[in-house]
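Structure, as structure tokens:
The values are calculated or read from the model by the stated rules, or taken from the named source; none is laboratory data. Here the structure is a predicted model, which is why all the values come from computation and not from measurement. Note that we place each Cβ from the backbone using ideal geometry, even for glycine, and neighbour counts take in every protein chain shown. The protein model used for the area step is the full one, side chains on, heavy atoms only, and it has no ligands, DNA or RNA in it. Shrake-Rupley method; radii C 1.70, N 1.55, O 1.52, S 1.80 Å.
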Amino acid sequence: MFGTATRARADIPRVEKIRARVRPDLEAQFADVGLTFPAKRLFLRAFKHERVLEMWGANDDGPMVLIESFPFCAASGTLGPKRRWGDQQVPEGAYHIHRFNGWSGFHMSLRVDYPNVSDRARGKRGAYGGAIMVHGDCVSIGCIAIQNEPIERVFVSVLASHRAGRRKVPIHIFPTRFDEAGLAHLERLRTGDPDRDRLWTELRRIHDAFEADRRVPEVRIDAKTGVYSLR
């Protein structure tokens, strides 16, 4: 959740200086895709195989539009979920951004709320790992790293959305795009791992629901099994 310490880390003078510097460009960028800044709704999607982070937005309850795509400059591990501490995996699943760190050792960082209910049900009990971030500086041990100028734009956009009333900005992390090329790649990786294969089937439904109408789907997680489904 957002707490006093989180706000303090997001409101430090360094963040305000960066916000003042990048906001004019963000306002122009959002206007180019028909949005005002800050967007009423913001959504992040990450694709591990393609090594790209997308930022989507909308100013009403209609379909979202793509604002910008950011290439990863570092990410550790392989395709597949994070199931235990120390596996160096970037998680896969439906998450939210729930903390800001404008004084991060990795330039700026947005914390992902891993482990979620699914990870706790399916992972190694008591040893899930944590501190999963989207950050700058192009180094990674289980995090998504993008370059410093892009992380400034993402950080300021998500923070502005939070301040405008969007308490939790969703981020969905997928092994790949579930298009023809992505599905063919996943098929080549199938090695009889039932946990991973089931998860990928569930995540494909979440991915395809957004692709169908450009609205973030409502995701349900079974507390006992960790299985994702659509509401």
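Here are the numbers:
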{"read-out": "Number of positions in region 38-52 that are over 13 Å from Val158 (Cα atoms) and open to solvent by 10 Å² or more (accessible area, probe 1.4 Å)", "value": "5"}
{"read-out": "Output for region 94-119, where each listed residue is outside any loop (DSSP other than H, G, I, E, B) and farther than 24 Å from Lys224 by Cα", "value": "Arg99, Phe100, Asn101, Ser109, Leu110, Arg111"}
{"read-out": "Residue match in region 24-35 (condition: more than 19 Å from Pro150 (Cβ to Cβ), touching a helix residue (DSSP H, G or I) at 6+ places or on another chain (Cβ under 9 Å), modelled with pLDDT of 90 or more and in a loop (DSSP other than H, G, I, E, B))", "value": "no"}
{"read-out": "Residues of region 120-135 satisfying the condition of being assigned to a helix (DSSP H, G or I) and hydrophobic (A, V, I, L, M, F, W, C)", "value": "Ala121"}
{"read-out": "Test: residue in region 203-220 that is farther than 24 Å from Ala58 by Cα and open to solvent by less than 70 Å² (accessible area, probe 1.4 Å)", "value": "no"}
{"read-out": "Those residues of region 91-141 which are among the small types (Gly, Ala, Ser) and either within 17 Å of Asp222 (Cα to Cα) or crowded, with 19+ Cβ neighbours inside 10 Å (or both), in sequence order", "value": "Gly93, Ala94, Gly102, Ser109, Ser118, Ala121, Gly123, Gly129, Gly136, Ser140"}
{"read-out": "Check on Val156, at pLDDT 95 or above and among the hydrophobic types (A, V, I, L, M, F, W, C)", "value": "yes"}
{"read-out": "Residue list for region 67-78, restricted to those being closer than 20 Å to Phe178 by Cα, at pLDDT 90 or above and open to solvent by 30 Å² or more (accessible area, probe 1.4 Å)", "value": "Glu68, Ser69, Pro71, Gly77, Thr78"}
{"read-out": "Whichever residue in region 79-90 is within 17 Å of the chain's Cα centre (by Cα) and of a type in the set (A, V, I, L, M, F, W, C) and, among such residues, is least open to solvent (accessible area, probe 1.4 Å)", "value": "Val90"}
{"read-out": "Test for Gly86: is it over 23 Å from Gly182 (Cα atoms), out of contact with any helix residue (DSSP H, G or I) (no Cβ under 6 Å at 6 or more places or on another chain) and modelled with pLDDT under 95", "value": "yes"}
{"read-out": "Residues of region 162-187 that turn out to be hydrophobic (A, V, I, L, M, F, W, C), open to solvent by 20 Å² or more (accessible area, probe 1.4 Å) and closer than 14 Å to His49 by Cβ, as a count", "value": "3"}
{"read-out": "Qualifying residue in region 188-199 (condition: in contact with a strand residue (DSSP E or B) (Cβ under 7 Å, 6 or more places away or on another chain), in a loop (DSSP other than H, G, I, E, B) and open to solvent by 60 Å² or more (accessible area, probe 1.4 Å))", "value": "no"}
{"read-out": "Candidate set from region 59-70 (those that are in a strand (DSSP E or B) and touching a residue at least 60 places away in the same chain (Cβ under 8 Å)); member that is nearest to the chain's Cα centre (by Cα)", "value": "Phe70"}
{"read-out": "Qualifying positions in region 200-225 - over 18 Å from Lys48 (Cα atoms) and assigned to a helix (DSSP H, G or I)", "value": "Ala209, Ala212, Asp213"}
{"read-out": "Flag if Pro150 is farther than 30 Å from Asp25 by Cβ and open to solvent by less than 40 Å² (accessible area, probe 1.4 Å)", "value": "no"}
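Results for (1) outside any loop (DSSP other than H, G, I, E, B); (2) within 17 Å of Ser69 (Cα to Cα), shown as yes or no for each residue.
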site: Asp137; (1), (2): no, no
site: Ser140; (1), (2): no, no
site: Phe155; (1), (2): yes, yes
site: Val158; (1), (2): yes, yes
site: Arg166; (1), (2): no, no
site: Ile171; (1), (2): yes, yes
site: Ala184; (1), (2): yes, no
